[in-house]
Amino acid sequence: MDLAYTTEQQAFRAEVRAWMEANVPQEPLVTLEREDGYHQHVEWERKLASGNWGMVTWPEAYGGRGLDLIQWLIFEEEYYRAGAPLRVNQNGIFLLGPTVMEFGTDEQKARFLTPMAKGEVIWAQAWSEPNAGSDMAAITTKAIRDGDHYVITGQKTWSSRASFADWGFGLFRTDPDSKRHKGLSFILFDLNSPGVTRRPIRQLHGDPGFAELFFDEVRVPVENRIAGEGEGWNVAMATAGFERGLMLRSPARFQAAAERLVKLFRQHEAKAAPAAREQVMQAWMDAQAYAYNTYAVASKIMAGGHIGAEASLNKIFWSELDRAAHRTAMQILGASAELRYLDGGALNTWLEGYIFSLSGPIYAGSNEIQRNIIAERLLGLPR
Amino acid sequence: MDFTITEDQATLTGGVRDYLAGVHAPELLRALDASDSRRSADVWQGLTEMGLPGLLVPEAQGGLGLSLLDAVLIAAELGRAGVAEPLADTALVAAPLLSKVGGQEALLAAIAAGEAKVALQHPVNPWVADLDGASHLLSVEDGALLVAEHSGGTDLLDSVDPLRRLYVPIAPSGTAVGSADALLDHAALIAAAQLVGLADAMLEQATDYAKNRSQFGQPIGSFQAVKHHLATAVVKIEFAKPVIQRAAVALQEGAASAPVHVSHAKLAASDAAWAMSETAIQTHGAMGYTYEVDLHFWMKRAWALSGAWGDRAFHLSRIDAAVLGGALPIGPGHSFA
Ligand SMILES: Cc1cc2nc3c(=O)[nH]c(=O)nc-3n(C[C@H](O)[C@H](O)[C@H](O)COP(=O)(O)OP(=O)(O)OC[C@H]3O[C@@H](n4cnc5c(N)ncnc54)[C@H](O)[C@@H]3O)c2cc1C
């Protein structure tokens, strides 16, 4: 164990910092949950790609820099330090990307990864259905083989950014007689295909970022399937692992929130409730603990290990610390917490953040489901 | 930047764990509890033969010359096995402090040989553990750490932990060997590491119990309420571990920020152990409320170590000064500096 950064790592940090300082937009972007903000974020995604920062851990052949996970963590720290915008393509780069890297053919890698890293194609994830949320194996949307195409019919829901995104990836029932985890395939589709209808859904904050998707005999070429027909469940589980585990929520995001929370507390110290003081310290401690843990997991993976059910520990920890930190901020703001714009007209990002933090324990597999996984797979308790 | 535990460390820790599981099983704790002294020359002898007192003693003085990072891994094993002999204080706290100041070769060699036992007396603790059987005492006067030979005890107090031996402090004396703060930080770190070991042991006991106890015709561990209690505790325990390692590295390197990281570690470990103890007793039902299951030994040690070497208020006050007071740089990019 050696917690010092190498000279190379320090030089890399300096390089990222310089680029971010020169390129991060001065004005905060409009939320990516709205169409105008979505397009601003796509612009930013392309700008990042122009500096070759689209996805630093990917091989150079696919628009990456071939960097290791520690360098990725350094990149993320500088990204959040600079206050750079959220990644509109996170479903693509953090979930689908690693999945294609692991399960895709060379042709699929060439076709999908580079445009993803360049921000040319923005991806949505289409797993959930009205009757298949936590119970994802209950999905019924069918993809029936017709020659060299699948014909998709059914409905998906809660698909983040699908209101505006370009492509989607999801699980479909390719064997109509199959049950549960069997007979599912992992298929990529163009959201602009004939037969796809998107119905944006207004979320808690009022903006229509995610959508219901209706498929009416949508034809998708067979070569858009990742891995074998009927092997979709295993592929999806690997993707879910990425989502809960290392990549989705980089620690820097919570360290940035904890730093802002400390500043907020200092401003309001005189009137803050006594408990707030301790909660602010707890937010800092938890964000740090999450960072150490992520560095430890990254070191473990780099040494050849892999993470399994431990990803569920991560998911619970970051989602609950995020909610607690934002709740604390709301309580410190007191009567002002309900205002959408604070003094001087600035957006009340604590309110926005608190609302978003409420979804953390729900998406990426609810925390109840994660607790089941921990109990059954890590502790070996009976189902 | 590398956060991995080396293969050597894993092997050593595994070896200590297996050894203690053999010689320091719960039956031994029960036997000690039934004895007058609550201490056993045989057990100490066994631990010495395993080389445990000399882990952090430099190789030149007959020890293994390990680091504080090794020490926290071993301390967790001592917690897991519920070791009550004053091994952590002597081997994992006193030895590295004494070897750092130099000039303590004879004492270090005696520690490695299992002949010297060092009790620790610090103003943050109202009482001193194992003063009675100690050959030496580290004590504090005007912020300086003193070492002196010592024999005999004073008044024995009654701890809820049946194997803990607490005494009223005595007048400080001896030669200066460092600062009171160094003693506090080392001891708090080792207490934190023992606390996660205690928590792991309680988790294991509760999980086993949940697999074997049936109600409504099925193991209680199949009930989601029980599963979720245990899973919640696992999250707390696992996220305390890297905090302890990070603090160990900071303290080993003498980083200026080490006290903050030690306080973080102590708080995280105490929270985890405390939460785990309540979860474990709840999982055991009324059985957990008896002296007859083993759980209470671990639970009571957890209460004791949570309050010792700086309680919650003490460690929060250090975090407060650093984080809210602005002395420590925080935010992204400040994971390690
Ligand atoms: C902001 C946001 C973004 C999302 N983005 C996407 C996306 O991009 N793509 C996509 O496919 N989906 C997305 N989702 C959907 C998300 O994956 C589901 O909401 C989630 O899987 C839970 O399903 P559900 O909403 O149907 O809740 P339900 O499954 O109906 O669960 C309701 C409650 O019951 C609990 N529960 C259910 N089953 C169990 C059980 N076995 N044990 C204990 N408790 C249980 C749940 O934990 C929850 O508390 C998103 C959701 C949100 C909130």
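The values are calculated or read from the model by the stated rules, or taken from the named source; none is laboratory data. Note that the structure is predicted; figures quoted are calculated from it, not measured. When we count neighbours, we look across all protein chains shown, and the Cβ atoms used for this are built from the backbone with ideal geometry, even at glycine. SASA here: full protein model, heavy atoms, side chains in, ligands and nucleic acids out. Shrake-Rupley method; radii C 1.70, N 1.55, O 1.52, S 1.80 Å.
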Convert each backbone phi in the range B:179-194 into a coupling constant with the Karplus relation 6.51 cos²θ - 1.76 cosθ + 1.60 (shift: θ = phi - 60°), then list the ³J(HN,Hα) values in order as whole Hz, x for Gly and Pro. 10, 4, 4, 4, 4, 4, 5, 4, 5, 5, 5, 5, 4, 4, 5, 5
Looking at the square roots a ≥ b ≥ c of the eigenvalues of the Cα gyration tensor of the range B:3-148, which shape do they give, rounded for a/c under 1.5, prolate if a/b is larger than b/c, or oblate? oblate
The range B:54-165 - accessible surface per residue (Å², probe 1.4 Å): 35 Å²
Counting only protein heavy atoms and a 1.4 Å probe, tell me what percentage of the range B:1-58's accessible area is made up of carbon and sulfur. 53 percent
Listed residue pairs exceeding 23 Å between alpha carbons, taken from A:Lys142/A:Lys182; B:Lys236/B:Lys300; A:Lys179/B:Lys227; A:Lys182/A:Lys300; A:Lys315/B:Lys300: A:Lys179/B:Lys227; A:Lys182/A:Lys300; A:Lys315/B:Lys300
Have a look at the DSSP beta bridges in the protein assembly as shown and tell me what percent are antiparallel, nearest 5. 85 percent
For chain A, the per residue accessible area (1.4 Å probe, Å²) is 42 Å²
Taking all protein chains in place and a 1.4 Å probe, what share, in percent, of the accessible surface of the range A:110-269 do carbon and sulfur account for? 48 percent
Inter-probe distance in nm under a simple model that places probes 7 Å from Cα toward Cβ, at B:Ala337 and B:Ser40: 5.0 nm
Given a Förster distance of 45 Å, the FRET efficiency implied by the Cβ-Cβ spacing of A:Ser336 and B:Arg213, rounded to the nearest 0.05, works out to 0.30
Taking chain A and dividing mean pair separation by its residue count, relative contact order in percent (alpha carbons under 8 Å, at least six apart): 13 percent
Taking chain B and dividing mean pair separation by its residue count, relative contact order in percent (alpha carbons under 8 Å, at least six apart): 16 percent
Order B:Thr175, A:Thr7, most accessible first, counting only protein heavy atoms with a 1.4 angstrom probe. A:Thr7, B:Thr175
Using Cα springs under 10 Å in a Gaussian network model of chain A, which residue among A:Ala270, A:Ala309, A:Ala298 shows the largest mean-square fluctuation? A:Ala270
Computed accessible area, B:Asp142, all protein chains, 1.4 angstrom probe, square angstrom: 150 Å²
Highest GNM mean-square fluctuation, chain A, Cα pairs closer than 10 Å: which of A:Gln255, A:Gln155, A:Gln331? A:Gln331
Pick from B:Ala321, B:Ala76, B:Ala144: which residue has the top mean-square fluctuation in a GNM of chain B where Cα pairs under 10 Å get a spring? B:Ala321
At a probe radius of 1.4 Å, what is the per-residue accessible area of A:Lys47, in Å² to the nearest 10? 90 Å²
Antiparallel content of DSSP bridges confined to the range A:70-205, in %, to 5: 70 percent
Over the range A:46-131, relative contact order from alpha-carbon pairs under 8 Å, at least 6 apart, %: 33 percent
Using a 1.4 Å probe and counting only protein heavy atoms, arrange A:Glu368, A:Glu278 so the residue with the most accessible area comes first. A:Glu368, A:Glu278
Count charges around A:Val280 for me, please; just the other residues with Cβ under 13 Å from its Cβ, Lys/Arg as +1, Asp/Glu as -1. 0
When the helix-only estimate is applied to chain A (DSSP H runs of n ≥ 4, each -39,500 (n - 2.57), divided by the residue count), what is the mean residue ellipticity at 222 nm, nearest 500 deg cm²/dmol? -14000 deg cm²/dmol
Ignoring ligands, DNA and RNA and using a 1.4 Å probe, state the total buried accessible area between B and A in Å², rounded to the nearest 100. 4600 Å²
Rounded to the nearest 500, what is chain B's calculated 222 nm mean residue ellipticity when only DSSP H runs of at least 4 contribute -39500 (n - 2.57) each, over all residues? -17000 deg cm²/dmol
